[in-house]
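*Asks:* This is the structure I have questions about; it appears just below.
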Amino acid sequence: MDTRPILYSFRRCPYAIRARMAIAAAGNAVELREVVLRNKPSAMLDISPKGTVPVLLCSSGQVIEESIEIMHWALAQHDPHRWLTGNSESPFRIDACDKDFKAWLDKYKYADRHPEHPFEWYRERAEHFVQELESRLNVSGYLGGETASIEDVAIFPFIRQFAGVDPRWWESSDYRRTRAWLNQWLSCELFQRVMQKYPPWQPDSAAASEPIIFPPSNT
C-alpha cells in the first residue's frame, strides 16, 4: 500500500507556493492533488474542514494545515540550502506578511469589492511592509542576511502577488532592491519546477488513477 504523504495544493496560492518550494527543495516525494477552489474535493474537506490550501496528510495520518508548518516539516527532514538557518527576526517578518500585509494585499487586489477607498489607498497601506523589505535588502542580499532562508521563501510569493496587481506601477516603483530579489526567486529553476501546471484532482479524475508525484524530476 502506498503511504506517500498527500499534498492538497492550488498552483497560484502564495501559501501553497511556499509549501511546495520547501517540499521541492527538500526532495520529499509527496502525492500532489491540485485543487479547484470552486470545487474542493470531499477527501480534502474530510481531513481539513476549513477548506484552505495547502493541506498535507502525512503517512502517519497527521494532518498539517498551515503552510509554515508544512515548510518546517519538509526542511526538518532535509534542508540542503540551509533555509532554516535564519536570523531572529524571521518569525516576526513572516507573521507581519501573513497578517497585516496579506490583509492589505487582498484589498488592493480586489479593490472593487472594497469601494470605500480607491485601490491606490490600499496599495499605500500594503507598501509599508514592502518598504521594510526594501530597507532590509539595502543592507543584505536576502531578508535574513547574505544567504537565503525560510523567510525569503515564505514571503516572496506574496510580493509576487503584490507586483502582479499593477505590473507597470511595480516596475517603475522605488523598490529596486525588492524587485531584484523577487526576480531572482521567480527566475530560479526550483520555482519553475514548483509552478508546473497539473490537472485538477477529484476521486474520479485521471489524476486519481495515476497519482502525480511531486516534486517533478529536474531532468
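*Asks:* Among the numbered criteria (1) surrounded by 16 or more Cβ atoms within 10 Å (Cβ to Cβ); (2) assigned by TED's automatic domain parsing to the domain that holds Cys13, which one does Lys109 miss?
*Replies:* (2)
*Asks:* Go through region 7-27 and report how many residues are surrounded by fewer than 24 Cβ atoms within 10 Å (Cβ to Cβ) and small (Gly, Ala, Ser).
*Replies:* Total meeting the criteria: 4.
*Asks:* Got a number for residues in region 184-216 being within 26 Å of Pro41 (Cα to Cα) and in contact with an Asp or Glu (Cβ under 9 Å, 6 or more places away or on another chain)?
*Replies:* Summing the residues that are within 26 Å of Pro41 (Cα to Cα) and in contact with an Asp or Glu (Cβ under 9 Å, 6 or more places away or on another chain) in region 184-216 gives 10.
*Asks:* Where in region 1-93 are there helices (runs of 4 or more DSSP H), lying wholly inside it, with at least 2 residues that are under 19 Å from Leu143 (Cβ atoms) and in contact (Cβ under 8 Å) with a residue 24 or more places away in the chain?
*Replies:* So the answer is 14-26, 67-77.
*Asks:* Same structure again: Please state which one of Gln202, Gln192, Gln184 is crowded, with 17+ Cβ neighbours inside 10 Å and either modelled with pLDDT under 95 or in a helix (DSSP H, G or I) (or both).
*Replies:* Within the list Gln202, Gln192, Gln184, the selection yields Gln202.
*Asks:* Do the conditions hold for Val30, that is, is it outside the structural domain of Ile150 (by TED's automatic domain parsing) and buried (at least 22 other Cβ atoms within 10 Å of the Cβ)?
*Replies:* yes
The values are calculated or read from the model by the stated rules, or taken from the named source; none is laboratory data. Remember, it's a predicted structure, so these values are computed and weren't measured experimentally. Glycine also receives a Cβ, built like all others from the backbone with ideal geometry; neighbour counts cover every protein chain displayed.
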